[in-house]
Each structure stands twice: as C-alpha cells, then as structure tokens.
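S.K.: Attaching a single structure in structure tokens format; questions to follow.
Where a number appears in this text, it was derived from the coordinates with a stated rule and is not lab data. Since the structure is predicted, the reported quantities are computational estimates derived from the model, not experimental observations. In this analysis, Cβ positions are derived from the backbone assuming ideal geometry, glycine residues included, and neighbour counts consider all displayed protein chains.
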Amino acid sequence: MKMKKSLEQSVCVLLMLAMELKHQPVKNQVLSSILGVSDTYLRKVMRRLVKAGLVRSDASKDGGYTLVRPIDHITMLDVFNAVEGRQPFCRLSHLARRIFVKDQMVLRSENEVLQVISDAEDDFRAHLGQYPLSKALEGIQYKDGVVLWETKAQHEIKRK
C-alpha cells in the first residue's frame, strides 16, 4: 500500500503547530517555506486538515493555522483519515468471476480474500489510533510552544 506524501507533510505541519510559541497562528507561506513545498500545494493539504477538524484556519491579517485540539488528542489515525480518507483499502472488480467457472467457489474465495484484507485494514487503523502525535514530541517542552516558525522561515530565506 502506498500512501500519499501529504500524509508525512500533514504530520509535520501538525507537529509544527503544536510547537509554535504560545500556539499562535502560523501562516501558510511560513509552513510551505519550511517544508519546501509550494504555497498552493500546501493549501490543498491544509484544506483536508481543516475539513477533518484537526486544524482551524483564520484568513485575517494576523491569522493562519492553529490546532483545533491539543496534539496529544490527535492520533495518526486522525491524520490518515484526513489525508487518505475512510474508504476501504480494497474493492474487487470481480475479475475472477469472468475467468473461473464455478460461481459459488469464486464468490466464496472473493469473500475470503476481502475478509482477510478487511481484517488487516481494521488492525492497521486500530494501531494508528493508538499512536498520539504527541509521542513524536517526547522530550520537547511543547505545551506552551517552543518555536517561532516565522522567524525560522525568515532565516531560511536569508540563508538561500
């Protein structure tokens, strides 16, 4: 199974927002500059996070993105669902029914295969649901924020 690059980017953005000094809003340009992706592309990623209820967007002059809830209440499953969606991993096109003769055997086999994949998907999602993103910040005093990302982005621009 191949996951979108935006999953990794989304996790990084959420961690960045959790670490923002005093949890102030962070502008899209700042995030995209630090991540090294285009503003337009990141807006699409952020739209998914907003729609999923993980991030709040404020378009005012002093606005930007902030977390809707604390990072220790956001799991990898939340991010995965926001980026990849909630649809099942596998949908059969019933190709086997066109190839093999015995319909009942084919139907049983298709159901078995789907069940195996569905069980694996359930295990995968359950495992993601047990991992709070705050675990990635262990050892960092992020509760009140520790980084002013705008300053870091400005240093990155000057360095280039």
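S.K.: If you filter the stretch 7-100 for trypsin sites (Lys or Arg not before Pro), then keep DSSP loop positions with at most 12 other Cβ within 10 Å, what is left?
M.R.: Lys61, Arg86, Arg91
S.K.: Taking 25 Å as R0, compute the FRET efficiency from the Cβ-Cβ separation of Asp144 and Asp62 and round it to 0.05. Spell out each step's value before the answer.
M.R.: Numbers: r = 19 Å, r/R0 = 0.76.
So, using R0 = 25 Å, E works out to roughly 0.85.
S.K.: Shifting gears a bit: Would you work out which of Gly129, Ser57, Ile117 lies farthest towards the positive end of the dipole of the stretch 55-151, given +1 charges on the beta-carbon of Lys and Arg and -1 on that of Asp and Glu, about the Cα centre?
M.R.: Ranked along the dipole, the leading option is Ile117.
S.K.: Quick check: pseudo-label points 7 Å beyond the Cα along Cα→Cβ at His155 and Ser38, how many nm apart are they?
M.R.: So the two model labels end up 2.9 nm from each other.
S.K.: Quote the FRET efficiency, to the nearest 0.05, computed for Gln115 versus Met3 with a Förster distance R0 of 22 Å and r equal to the Cβ-Cβ distance.
M.R.: Working from the Cβ atoms, E equals 0.45.
S.K.: Which of the following values of Rg/Rh (Cα atoms, Kirkwood Rh) was calculated from the structure shown: (1) 1.04; (2) 1.14; (3) 0.94?
M.R.: (2)
S.K.: When the chain is fully extended, how far beyond the present Cα-Cα distance does Gln130 get from Ala96, taking 0.36 nm per residue of separation?
M.R.: Taking 0.36 nm per residue and subtracting the Cα distance, the gain is 8.6 nm.
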